[in-house]
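Each value in this text was obtained by applying a stated rule to the coordinates, not by laboratory testing. Predicted model only: the values in this text are computed from it and were never measured. Cβ sites come from the backbone with ideal geometry, for glycine too, and all protein chains shown count toward neighbours.
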């Protein structure tokens with residue numbers, strides 16, 4: 001049975017100089033309102049021991065607009081400013097529920113430049129999008145179609161560090177679960193092989209179910225290093241430094257985009273081809289403290305792969321099983337069940353006392369699958 005899911009479709013767009021200027025002003029006003037509201041909430045919480053509600057923050061915004069030095073807030077759409085207050089309200093709700101840390105101020109240089117528009121602040125007609133207080137529709141590159149008949153409920157416009165403009169359309173979509181599959185798979189995350197599966201897959205790098213690690217950061221390291229050296233030679237505050245900083249950001253964006261594309265394709269394939277996917281509950285935060293492997297682990301992006309598997313399995317009627325992080329998948333013999341005392345990382349193949357010879361990663365993937373099926 002199909003289910004209704006909320007999904008964001010992101011596209012590149014190319015604003016006119018006038019639109020870019022208006023959006024830049026909007027980003028600045030959104031950041032200012034967020035920071036002023038956070039400052040007021042912090043003052044009230046620290047000095048008076050009380051919590052400021054969204055309604056109080058909204059009233060403060062109205063008062064700020066009447067002040068002479070903040071009159072420029074009236075020059076942009078009021079909806080993104082109100083949405084900034086709602087995001088701050090959600091941040092405090094997560095803080096008081098102990099789901100997140102205390103909200104922090106938005107930095108002009110480090111924070112994501114974005115503005116969110118609800119239905120009252122944009123017009124959507126025949127695949128064209130107009131934003132409030134902005135001339136002309138956005139020039140969007142439709143890299144993929146929206147679902148048939150989809151009507152965006154929220155539009156988020158953003159600009160990344162590389163100077164690229166994006167628009168995200170938040171829609172409701174009907175997703176039909178995939179037909180049941182007969183196969184199940186255990187997934188062992190690694191570095192030399194990004195993942196090793198408990199069974200061979202068509203198109204794999206070899207016959208034992210290993211998917212090679214593309215190592216996107218290593219592949220783009222030369223270009224990134226060259227851009228960073230160029231940036232280091234530029235005078236602070238100069239126009240050439242701004243151009244060099246943009247080249248560094250584009251090199252980072254290229255690496256991130258290629259990694260995201262690969263992980264999406266891999267996670268989609270695992271979900272489509274298997275009814276049950278079993279993975280380990282890895283503690284990435286602790287693993288990256290190993291300085292010799294931190295860079296490679298970060299590049300592998302295991303946490304992102306797990307997140308993709310989680311929501312895709314939920315959407316398409318698959319089951320994702322996560323086994324305990326302390327399960328000795330690498331040290332356990334998949335043939336007789338004997339547990340080895342130690343298994344250093346440099347040991348890639350080993351022989352059990354029962355005579356079984358194991359590839360470390362393949363054996364771990366099979367053990368992960370068996371443990372996951374036993375927990376269901």
**OP:** Using per-residue counts of other Cβ atoms within 10 Å, averaged over each peptide, order 162-168, 273-279, 23-29 from highest down.
**Re:** 273-279, 23-29, 162-168
Subject >> C-alpha long axis of helix 221-233 to longest principal axis of the chain, angle in ° >> reply: 40 degrees
Original post:
Mind checking which of 44, 294, 161 has the largest fluctuation in a GNM of the chain, springs on alpha carbons under 10 Å?
Top reply: 44
Original post:
Roughly how many whole Å is it from the C-alpha centroid of the stretch 257-320 to that of the stretch 177-248?
Top reply: 12 Å
**OP:** Describe numerically, in nm with one decimal, the distance between label points set 7 Å from Cα along Cα→Cβ at residue 18 and at residue 303.
**Re:** 4.4 nm
Subject >> Separation of the residue 39 and residue 340 label points, Cα + 7 Å toward Cβ, nm >> reply: 6.0 nm
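Of all DSSP beta bridges in the chain, what percent run antiparallel (nearest 5)? Display every interim value, and only then the final one.
On the way: 37 of 45 bridges.
Roughly 80 percent of the beta bridges in the chain run antiparallel, per DSSP.
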Original post:
Any idea what angle helix 360-375 forms with the longest principal axis of the chain, computed on alpha-carbon atoms, 0 to 90 degrees, nearest 10?
Top reply: 80 degrees
Original post:
How much FRET efficiency would the formula 1/(1 + (r/R0)^6) give for residue 53 and residue 74, where r is the Cβ-Cβ distance and R0 is 30 Å, rounded to 0.05?
Top reply: 0.80
**OP:** Could I have the simple spin-label model distance between residue 222 and residue 172, label points 7 Å from Cα toward Cβ, reported in nm to one decimal?
**Re:** 5.2 nm
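On a full-extension model of 0.36 nm per residue, what is the gain between residue 98 and residue 1, subtracting their alpha-carbon distance, rounded to one decimal in nm?
On the way: separation 97, 0.36 × 97 = 34.92 nm, distance 3.57 nm.
Taking residue 98 through residue 1 to full extension adds about 31.3 nm, to one decimal.
Suppose R0 equals 25 Å; then what is the FRET efficiency for residue 314 and residue 183 from their Cβ-Cβ distance, rounded to the nearest 0.05? Please report the intermediate quantities before stating the final value.
On the way: r = 19 Å, r/R0 = 0.76.
E between residue 314 and residue 183, to the nearest 0.05, is 0.85.
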Original post:
Given the C-alpha centroids of the stretch 67-113 and the stretch 1-40, what is the distance between them in whole angstrom?
Top reply: 12 Å
Original post:
Where does the chain land at 222 nm, in deg cm²/dmol rounded to the nearest 500, when only DSSP H runs of n ≥ 4 count, each adding -39500 (n - 2.57), divided by all residues?
Top reply: -13500 deg cm²/dmol
**OP:** Report, in degrees rounded to the nearest 10, the 0 to 90 angle that the Cα long axis of helix 302-315 makes with the longest principal axis of the chain.
**Re:** 80 degrees
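Pairs of Cα atoms under 8 Å, at least six residues apart: use those to get the relative contact order of the chain, whole percent. Could you put the intermediate results ahead of the total?
On the way: 535 pairs, mean separation 62.2, N = 376.
The value is 17 percent.
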**OP:** Quote the FRET efficiency, to the nearest 0.05, computed for residue 291 versus residue 46 with a Förster distance R0 of 41 Å and r equal to the Cβ-Cβ distance.
**Re:** 0.60
